[in-house]
Amino acid sequence: MNELDIINIIKNTLSNNSLIGDDTACLNDLGITVTQDSLIEDIHFRTSTISPFHIGKKSVAVNLSDIAASGAQAKYLMISLSLPQNIQENFVKEFYQGVDSMCQEFNLSVAGGDITGSDKISISICAIGINNGITPAKRSNAKQGDIIFTTGVHGSSFAGFLALENKISVPQKLINAHISPVPLLETGRKIVSNIKNACLMDSSDGLGDALFKISSSSNLTANVDMSLVPFDEEMKKFAQTLNQNYKNWILFGAEDYQLVGTADEKSFENLQKQGLHLSQIGYMTEKKEHYVCIKDNNTFLTLDEEDIKNRCFNHFEERENT
């Protein structure tokens, strides 16, 4: 089974699944939004390629990215660690130094957590945000005719991952994209504050995954022009040196933590006037045959649930060297 299969089982088993479906849960009665993400050794990171400090930073960043996509204001963290018995004191200290650097940068507080033993390092963080009167974004809010937009570039994190795994020299910005992602909290708040019932999520599992989840949740088709999707030229050059298709890295590489959403034309123009750097990459149209249709020159790539299962990041497989 993969993530989509398990989520479907959970939805079909719970008597009340109304809060299941987005990366965050909006608890209106409490005025907060919560999310929880886990990072597992040898699946999401290796201690041989990333320092404890950056593991701490990234563990927080991936949770804040979900809060950013909701539009809430991040406030508190709950951290649970499962650690091998032979873990060194320096690992714990440096990990929390990385956590603390994020707390200082984004005005967060660690409010507790749990510590248990394990064969491998497992990190689970719950991030809590304050809604401040806004209605958090949902991926099911896309509307027919909406512009599809994204922030930043895609594919760089996967490039950094491969470079670290295979000890290949690449520009530091590609390494940083993988080990030190930046959660777009201010951008997310601006987007959600300016669009009623906003549609927004992050690209933690890849741009292709985000497009599929938005379109399937909204029962529409995401029509995307591949030539409009932003990427770093250095990423492209690196992929070509490995004889790999850089466009696959863009769509399925994962862990770029950019924001992907939709907006009507007037709202999109308004966001751009406010100085947000958003790239228009396509439109949402009536659902016909496929959930995602990507135009690449004179060819078309379509994505549906089976394609996402087979091509996007698998949370149940250990990563292997390429």
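Okay, here's what the table says:
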| read-out | value |
| --- | --- |
| Residue pairs meeting the criteria (Cβ under 6 Å; at least 6 apart or on separate chains; first assigned to a loop (DSSP other than H, G, I, E, B), in the range 156-174; second crowded, with 16+ Cβ neighbours inside 10 Å) | VAL170/ALA163; VAL170/PHE238 |
| Answer from ILE20, ILE50 - the residue that is within 30 Å of SER169 (Cα to Cα), assigned to a loop (DSSP other than H, G, I, E, B) and among the hydrophobic types (A, V, I, L, M, F, W, C) | ILE50 |
| Filter pass, ASP202 being over 13 Å from the mean Cα position of the chain (by Cα) and either aromatic (Phe, Trp, Tyr) or surrounded by 19 or more Cβ atoms within 10 Å (Cβ to Cβ) (or both) | no |
| Test: VAL62 is among the hydrophobic types (A, V, I, L, M, F, W, C) and within 28 Å of LEU162 (Cβ to Cβ) | yes |
| Failed item in (1) over 24 Å from LEU184 (Cβ atoms); (2) surrounded by 13 or more Cβ atoms within 10 Å (Cβ to Cβ); (3) modelled with pLDDT of 95 or more, with GLN240 passing the rest | (2) |
| Total residues in the range 33-55, condition surrounded by 20 or more Cβ atoms within 10 Å (Cβ to Cβ), modelled with pLDDT under 95 and under 17 Å from SER157 (Cα atoms) | 2 |
| Matching option when the condition is touching a Leu at 6+ places or on another chain (Cβ under 9 Å), in contact (Cβ under 8 Å) with a residue 24 or more places away in the chain and closer than 26 Å to GLU305 by Cα, among PHE212, PHE231 | PHE212 |
| In the range 143-178, the residues that are of a type in the set (S, T, N, Q) and more than 15 Å from the chain's Cα centre (by Cα) | GLN144, ASN166, SER169, GLN172, ASN176 |
| Residues located in the range 252-266, provided they are aliphatic (A, V, I, L, M) and within 19 Å of SER218 (Cβ to Cβ) | LEU259, VAL260, ALA263 |
| Qualifying residue in the range 196-219 (condition: among the hydrophobic types (A, V, I, L, M, F, W, C) and closer than 19 Å to PRO171 by Cα) | no |
| Selection within the range 129-161 - under 18 Å from ASP22 (Cβ atoms) and aliphatic (A, V, I, L, M) | ILE130, ILE134, ALA137, ALA142, ILE148 |
| Residues that are part of a loop (DSSP other than H, G, I, E, B) and charged (D, E, K, R), drawn from the range 182-240 | LYS196, ASP205, ASP232 |
| Criterion: surrounded by fewer than 15 Cβ atoms within 10 Å (Cβ to Cβ) and within 22 Å of GLY152 (Cα to Cα) - qualifying residue of SER227, SER267 | SER227 |
| Number of the exception - PHE161 against (1) at negative phi; (2) assigned by TED's automatic domain parsing to the domain that holds LYS288; (3) loosely packed, with under 14 Cβ neighbours inside 10 Å | (3) |
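The values are calculated or read from the model by the stated rules, or taken from the named source; none is laboratory data. Please read these numbers as outputs of a predicted model, since none were measured by experiment. Neighbour counts run over all protein chains shown; Cβ positions are idealised from the backbone, glycine included.
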